[in-house]
1. Any residue in the stretch 154-172 that is modelled with pLDDT under 90 sitting within a Cβ distance under 7 Å of a residue that is assigned to a loop (DSSP other than H, G, I, E, B)? List the pairs, counting only those 6 or more apart or interchain.
2. For the stretch 289-310, which residues satisfy the criterion of being hydroxyl-bearing (Ser, Thr, Tyr) and in contact with a helix residue (DSSP H, G or I) (Cβ under 6 Å, 6 or more places away or on another chain)?
3. Give the residue, chosen from Ser272, Ser246, that is crowded, with 19+ Cβ neighbours inside 10 Å, under 11 Å from the mean Cα position of the chain (by Cα) and not acidic (Asp, Glu).
4. Any idea which of (1) over 20 Å from Leu259 (Cβ atoms); (2) open to solvent by less than 60 Å² (accessible area, probe 1.4 Å) is the one Arg158 doesn't satisfy?
5. Can you pull out every residue in the stretch 205-234 that is more than 11 Å from Glu162 (Cβ to Cβ), among the small types (Gly, Ala, Ser) and crowded, with 16+ Cβ neighbours inside 10 Å?
6. Return yes or no: is Gly132 on the phi > 0 side of the Ramachandran plot and within 21 Å of the chain's Cα centre (by Cα)?
7. Failed condition for Asp253, given (1) in contact with a Cys (Cβ under 9 Å, 6 or more places away or on another chain); (2) acidic (Asp, Glu); (3) open to solvent by less than 60 Å² (accessible area, probe 1.4 Å), with all others met?
8. Can you say whether Ser246 is out of contact with any Ser or Thr (no Cβ under 9 Å at 6 or more places or on another chain), within 16 Å of Gly132 (Cα to Cα) and not aromatic (Phe, Trp, Tyr), as far as the supplied structure shows?
Amino acid sequence: MRRYGLGLGLESSRSLQAGETLLLSTPLALISHSAEELAGASPPTAAAAAASSQGVIPGEDDAGDDAEDDGAADDESGYDEGGQQYEATDTDIDQLAEQLAGSSSARTRSAAIVTASRGVAKQAALSRNLLGANLLAPLGERRAALQEMTGSKCMCLRCRDEERTDRNFQQLMAEIHEACIQQVGPDLEQAVEVDDEAAMEGLRDQLAAYCEVVDAAFSKFAVKQQTQIWLQASLFKLYELTAIASAACGAVDARLLELLAALAGEVCPGSSEHIFWARQYRNEITSDEEAYFDGALRQAEKTLLGAYQARYGKGLSRGLYKQLDAQAQQPELELEFEYE
């Protein structure tokens, strides 16, 4: 399908539900080694990968340990411990034959599955996330990252809509985002580390003032509801730091946690940010005894289940969801600046 001014792309021929399977690609054979192992080099460790990242580091908070354990099984890379290549034995060939003759369910577990992360209307354009957590950044930062990655300029509905926002408002958002990244974030982390209550309270008030300025700007420029949601997602760092600062001062704001989960779910459903904040919201609601009677806990559980289903598909059972949730680490929000 060709869209005027946007180039070639994919379009849905019918309405799609969130979690619906779009693509199932099953391999003919499975090879357990990585490209680095084939080259005789050890693959980078998770710690090394994390050390090269900057800012908030979304971790694999569910089933990641199992994946690492599977990958650490018997070495079938074709190299012995000394790095010398060896020939495949009859046993290796038999194992490969068994793999090829395996059941369809076994092959499906090793397949590449692409699902719809949200509902898609008929004849709507299909897209995929190339920017990861950068989707939660302002327009200029997102476009710069995509330009560097692909050499192209994003012209999706969200980017075009934000581009039409008043220039003064765009400048205000950019300045607030930069202040959060360059000044408030580092200062807050340091204040938490040394347990400086006065500094934490001052930074919390500064972030609250930023939020009030943004809310006033939404009213002043009469921003449409959908555009407001996208712009709030672009200021995700502001709301995230506000939640952390409030928790560090001993007052967790459940509404703010719900907002963070909703914003992440709007622009990058199923992401580590989506699951992390949905879990923080559910945990906070669970601590409120009245939530058992007014339906708030049921809604919070639904929010977290929806985040998991956005990642793994609508077929994720409630039982497996409970297992994933139980295995996930539960960091203390006020002391944690990385996604676990």
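1. Correct list of pairs: Met155/Gly5; Met155/Leu6; Cys156/Ser127.
2. Scanning the stretch 289-310 gives Thr303, Tyr308.
3. On the way: Ser246 fails: under 11 Å from the mean Cα position of the chain (by Cα).
On inspection, the qualifying residue turns out to be Ser272.
4. Evaluating Arg158 over (1) over 20 Å from Leu259 (Cβ atoms); (2) open to solvent by less than 60 Å² (accessible area, probe 1.4 Å) leaves (1) as the failure.
5. Once the filter is applied, which keeps residues that are more than 11 Å from Glu162 (Cβ to Cβ), among the small types (Gly, Ala, Ser) and crowded, with 16+ Cβ neighbours inside 10 Å, the stretch 205-234 yields only Ala217.
6. Values: on the phi > 0 side of the Ramachandran plot: yes; within 21 Å of the chain's Cα centre (by Cα): yes.
Here the answer is yes, as Gly132 does meet what is asked.
7. Asp253 satisfies every listed condition except (1).
8. Numbers: out of contact with any Ser or Thr (no Cβ under 9 Å at 6 or more places or on another chain): yes; within 16 Å of Gly132 (Cα to Cα): no; not aromatic (Phe, Trp, Tyr): yes.
No; evaluated as a whole, the condition is false for this residue.
The values are calculated or read from the model by the stated rules, or taken from the named source; none is laboratory data. As the structure is a computational prediction, the values presented were derived from the model and not from experiment. Cβ: placed from backbone, ideal geometry, glycine included. Neighbour counts: every protein chain shown. Note: accessible area is taken over every heavy atom of the protein model, side chains too, but ligands, DNA and RNA are not part of it. Shrake-Rupley method; radii C 1.70, N 1.55, O 1.52, S 1.80 Å.
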